[in-house]
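Engineer: Below is a structure I'd like to ask you about.
The values are calculated or read from the model by the stated rules, or taken from the named source; none is laboratory data. Just so we're clear, the structure is a prediction, and the values are computed from it rather than from any experiment. Just the protein is used for accessible areas: all its heavy atoms, side chains included, with ligands, DNA and RNA removed. Shrake-Rupley method; radii C 1.70, N 1.55, O 1.52, S 1.80 Å.
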Amino acid sequence: MKKSNYSYIGIAFIILVFGIIFVPRIIDRITSGDVIRNESRSDFTNKGKTAVSDLSFIEINGEPKKVPAFAFKNQDGKIITNKDYEGKVYVVEFFFTTCPTICPRMNKNLIQIQETFKGFEDFGVASFSINPDYDNQEVLKAYAEQYGITNPNWHLMTGDKETIYKLSNEGFNLYSAEEADVAGGFEHSGNFALIDKNGFLRSRRDNFGNPIIYYRGIVSEEEQVDEDGVEEEISALKQDIKKLLNE
């Protein structure tokens, strides 16, 4: 019994010595930056390309969420696919041209973002119409001219309705539906998704360390700061686009 007690005392003594000698050294290395806690998964490597910003990858079942394959006709009658956006940072929205509520605000904000990144050949926007029965090529072309869309990588796309709704609701988890009882006859999310050059969904984290996932596209210029003085969505989105452009 005495021998067993001596063993416990010896183990306790070793642990005490380790704590006295090594724990302060570990803390010192963390403080000096030699050891960094990586909680954002921003070191994720895809085919040799490593993210260098602090933006999070959006994960589904433990895997980084990538843009699904798509192919639709744009306002110029050209077939645009997800491959046309490879190597570009871009913002995704779902809208329709006759929307009487949130779409004008969303696209006004996107025009503001377009002007901020004018001249950046690796920045674009993907706008998918949820009313393709009406929003044909000619309608989308007129809409682009009305809003002043000049970025050659901003494609307003139309195509098969079921395919677009599947892309919206399942591919991006941005809600879209045909609803006869709502204004305009369609209901959809007012959020934007941010995509990096490798086709992955990215976002910043909130104050609790959780990815915000999407950026609110309907905030006005007057709503850029919330009641706590925290910078709001559009300004934050601009900052995060810049981060991804620099990756």
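Engineer: Karplus couplings for region 187-193 from phi (6.51 cos²θ - 1.76 cosθ + 1.60, θ = phi - 60°), rounded to Hz, Gly and Pro as x?
Structural biologist: Per residue, the Karplus-derived 3J(HN,Hα) values read 10, 7, 5, x, 9, 10, 10 Hz.
Engineer: Search the structure for amide H atoms under 5 Å from the amide H of residue 80, placed 1.01 Å from N in the peptide plane, and list their residues when 5 or more places away or on another chain.
Structural biologist: Those qualifying (amide H under 5 Å, at least 5 residues apart or on another chain) are 72, 73, 74.
Engineer: What are the ³J(HN,Hα) couplings of region 121-136, residue after residue, when phi is run through the Karplus curve with 6.51, -1.76, 1.60 and θ = phi - 60°? Round to Hz, x for glycine and proline.
Structural biologist: 6, 9, 10, x, 9, 10, 10, 10, 7, 9, 10, x, 5, 9, 7, 7
Engineer: Out of the total accessible area of region 99-175 (probe 1.4 Å, heavy atoms of protein only), what percent is carbon and sulfur?
Structural biologist: 51
Engineer: Suppose all protein chains stay in the model; what accessible area per residue would a 1.4 Å probe give for region 94-190, in Å²?
Structural biologist: With all protein chains present, region 94-190 gives 46 Å² per residue.
Engineer: Oh, and also: Under 5 Å between amide H atoms, partner at least 5 residues away or on a different chain: which partners does residue 59 have, H built in plane at 1.01 Å?
Structural biologist: 65
Engineer: With a ≥ b ≥ c taken as the square roots of the eigenvalues of the C-alpha gyration tensor of region 138-209, please select rounded if a/c is under 1.5 and otherwise prolate if a/b is larger than b/c or oblate if it is not?
Structural biologist: Oblate.
Engineer: I've got another one for you. Given H placed 1.01 Å from N in the peptide plane, which residues other than close sequence neighbours of residue 102 have an amide H under 5 Å from its amide H?
Structural biologist: Counting only residues 5 or more places away or on other chains, the set is empty.
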